[in-house]
Amino acid sequence: MKNRLRALRGGKSWSQQELAQRLAVSRQTVNAIETERYDPSLPLAFRIAHLFGKRVEEIFEPDA
Amino acid sequence: MRTMKEAAAECGPGRIGSPQIGMALLAAAALIAASWTLKHVELGAGARLAVAFAPLPAYALFLRSMWQAIRSTDELQQRIQLEALAFTFGGTVLATIAHDYLRKAGFGAAAEEFPLLAIMAGLYIVGVLAGRRRFR
């Protein structure tokens, strides 16, 4: 699954650690999502979307 | 009720760490001490039974510590743990079958000592390291 998490985080000038703390996950989890090695669960995807004030589908999209 | 942020703060970066390693070492020390005592000290049947069961509380504490640590980590760490435990379980089954067939094939002396706990610990460490590397 593709995502725009890195760009959104950059827009807020947050470090991975800072975003991880806001999402209550580890920095490794944020990095794995950003590098698209790990697809988050639906609850975490909604937490991410809520944090950035967007809908889930505006951040995540399926691979072609 | 604990919030997710509080749970994450308690578990630090979301990994199993030194408390669990400490518990594992304590359990291993208790097992070694019990084994040594049973082998080298003359005891009555009741005392031998007590010594044989003596390491169990340490193992129970270790299990409880692992359980709590895994439950407090985030979803990626839980996935890494699940895959590591699946790898450990499968690998241990394979090793046990191989050991059993070695004995059936007549290699009883070579297959006498079967370090089951060491094999499980080794497979678990390999599984966790592979998972961390995969999602690094």
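The values are calculated or read from the model by the stated rules, or taken from the named source; none is laboratory data. Being a predicted model, the structure only gives us computed values, none of them experimental. Counting neighbours? That spans all protein chains shown, and the Cβs are built from the backbone with ideal geometry, glycine included. These area figures cover heavy atoms from the full protein model, side chains too; ligands, DNA and RNA do not enter into them. Shrake-Rupley method; radii C 1.70, N 1.55, O 1.52, S 1.80 Å.
Things to note:
- Placing pseudo-labels 7 Å out from each Cα toward the beta carbon at A:Val56 and B:Leu31 gives an inter-label distance of 4.2 nm.
- By definition, a body whose alpha carbon gyration tensor gives a ≥ b ≥ c is prolate when a/c is 1.5 or more and a/b is larger than b/c, and the protein assembly as shown fits this prolate description.
- Point-to-point label distance, A:Thr35-B:Glu83, nm (Cα→Cβ direction, 7 Å offset): 1.2
- Between the beta carbons of B:Arg48 and B:Val126, assuming R0 = 35 Å, the FRET efficiency works out to 0.45 to the nearest 0.05.
- Estimated [θ] at 222 nm from DSSP helical runs (n ≥ 4, -39500 (n - 2.57)) normalised by residues in the protein assembly as shown, nearest 500: -23000 deg cm²/dmol
- Restriction of the trypsin sites (Lys or Arg not before Pro) in region B:28-67 to DSSP coil positions whose beta-carbon has at most 16 other beta-carbons within 10 angstrom yields no sites.
- The GluC sites (Glu not before Pro) found in chain A that occupy coil by DSSP, while having at most 15 further C-beta atoms within 10 Å, are A:Glu36.
- Whether region B:48-87 is rounded, prolate or oblate, judged on the alpha carbon gyration tensor where a/c under 1.5 counts as rounded: oblate
- Carbon and sulfur %, accessible surface of chain B computed with the full protein complex present, 1.4 Å: 70
- Shown here for region B:75-136: GluC sites (Glu not before Pro) in loop regions (DSSP other than H, G, I, E, B) with at most 15 other Cβ atoms within 10 Å, namely B:Glu112, B:Glu113.
- Residue-normalised accessible area of the protein assembly as shown, expressed per residue, 1.4 Å probe, Å²: 64
- Accessible surface buried by the A/B pair amounts to about 1200 Å², both sides summed, 1.4 Å probe.
- Cα shape, chain A, gyration tensor, a/c 1.5 rule: rounded
- At a threshold of 20 Å², the residues of region B:33-75 that become less accessible to a 1.4 Å probe in the full protein assembly than in their chain on its own are B:Asp74, B:Glu75.
- Largest GNM mean-square fluctuation among B:Tyr101, B:Tyr124, B:Tyr59, using chain B with Cα springs under 10 Å: B:Tyr101.
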